[in-house]
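Visitor: Structure provided below as structure tokens; questions to follow.
The values are calculated or read from the model by the stated rules, or taken from the named source; none is laboratory data. Quantities reported herein were computed from a predicted structural model and do not represent experimental measurements. Counting neighbours? That spans all protein chains shown, and the Cβs are built from the backbone with ideal geometry, glycine included.
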Amino acid sequence: MSKKLAIGVLILSVVLGVLLAAPRRPTAGTVALDAWHHPSPVEVFADLLRRLELTDEQKEAARAVIRTHRDALEEAADLNRAAHDQLRDLVRASSEDGAARAAAEQAHVDAEVNLARERAGLWVDLAPILTVEQYGVLAAFREERFSGARQRIAVVSVRLGSETTGPFHAVMARLAADWLGITTEQSAAIRAAVQRHAPAIEAQLMDVLNAHEELFAAIQGPGGSEAAAVGAAGMVARAENRLAATIGVLYADVMQELNGPQRLLVKLFGERRDERQARRREAVRTIMHELF
């Protein structure tokens, strides 16, 4: 049984979700699957607040600014999520409707740009609240997160091309065998598909990461501007569109090797994952409303 099989399937649903998590130092007894654990947005935000060491006056001023922008930011974020979901559904359906695909990709660009404008406006109003030293802390925190993301891309790359045994591979291979009932022939075909697309996926993941880093710098930097944020947001969306197209081809290749019941299980896995992510986003929104 191929130890790469689960990567071929699960990369379609987990890779982007872990990229921008803060790096996590492994401890004794940590299993390989633990490398995929990442803090929640609330945990990341709480960590940043601790490092900034805001005064009581700064906290009150920041709360007032965030409350002012909160509704517009949430609306822009919801529209961006809807655009992501529309493109994702087309990818999963292996749609050959070029016009629909082009429209979905443009909608994604527009939504990303709109969200960037709202975020840039927030940071313009937050800028006078932070000191030069706190901006340095923010920049260091951002660099730490993106450094962790690059490490995670390297991990994905190694796992895509590795035959090494270990807890991660063992669990994933067992999942493929017991849950999906993958045969040896299917395993070989899926492995070949993963290897075929792995170089493009790795390069495009790095393109997405670099674009996000430029976007964060444009939005959060003390000298940032809306124009810079809008340009970077367009780069983010176009990079993500290219990655989605490649993953769509891999997804189609994998699904082609599966039988009817196996395809249904994979689709159910994706739907359940989407539901969990939606519940998580709603929980984060509730917590942020309580804080601000």
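Visitor: Can you list residue pairs whose Cβ atoms sit under 6 Å apart, with the first residue in the stretch 129-153 being more than 21 Å from Ala203 (Cα to Cα) and without any contact (Cβ under 8 Å) to a residue 40 or more places away in the chain and the second being surrounded by 13 or more Cβ atoms within 10 Å (Cβ to Cβ) and among the polar types (S, T, N, Q)? Count only pairs 6 or more apart in sequence or on different chains.
Guide: Correct list of pairs: empty, since none qualify.
Visitor: Follow-up. Can you tell me which residue in the stretch 257-292 is nearest to Ile190 (Cα to Cα), limited to those that are of a type in the set (Asp, Glu) and over 23 Å from the mean Cα position of the chain (by Cα)?
Guide: Glu257
Visitor: Six or more apart or on different chains, Cβ under 6 Å: which pairs go from a residue in the stretch 96-113 that's without any contact (Cβ under 8 Å) to a residue 24 or more places away in the chain and on the phi < 0 side of the Ramachandran plot to one that's crowded, with 21+ Cβ neighbours inside 10 Å and not aromatic (Phe, Trp, Tyr)? Could you list them?
Guide: Close Cβ pairs satisfying both conditions: Ala104/Leu87.
Visitor: Modelled with pLDDT under 90, more than 25 Å from Leu209 (Cβ to Cβ) and assigned to a helix (DSSP H, G or I) - does that describe any residue in the stretch 152-168?
Guide: There is at least one residue in the stretch 152-168 that is modelled with pLDDT under 90, more than 25 Å from Leu209 (Cβ to Cβ) and assigned to a helix (DSSP H, G or I).
Listed here are the residues, each with its yes/no results for (1) at pLDDT below 90; (2) of a type outside the set (A, V, I, L, M, F, W, C); (3) more than 28 Å from Arg279 (Cβ to Cβ).
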position: Arg50; (1), (2), (3): yes, yes, no
position: Asp56; (1), (2), (3): no, yes, yes
position: Arg88; (1), (2), (3): yes, yes, no
position: Ala93; (1), (2), (3): yes, no, no
position: Ala99; (1), (2), (3): yes, no, yes
position: Val137; (1), (2), (3): no, no, yes
position: Ala140; (1), (2), (3): no, no, yes
position: Ser147; (1), (2), (3): yes, yes, yes
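Visitor: Provide a single number: the residues in the stretch 206-232 that are part of a helix (DSSP H, G or I), under 19 Å from Leu126 (Cβ atoms) and among the polar types (S, T, N, Q).
Guide: Counting residues in the stretch 206-232 that are part of a helix (DSSP H, G or I), under 19 Å from Leu126 (Cβ atoms) and among the polar types (S, T, N, Q) gives 1.
Visitor: Name the single residue that is modelled with the lowest pLDDT among those in the stretch 59-85 being within 29 Å of Gly248 (Cα to Cα) and surrounded by 18 or more Cβ atoms within 10 Å (Cβ to Cβ).
Guide: Restricting to residues being within 29 Å of Gly248 (Cα to Cα) and surrounded by 18 or more Cβ atoms within 10 Å (Cβ to Cβ), the top hit is His84.
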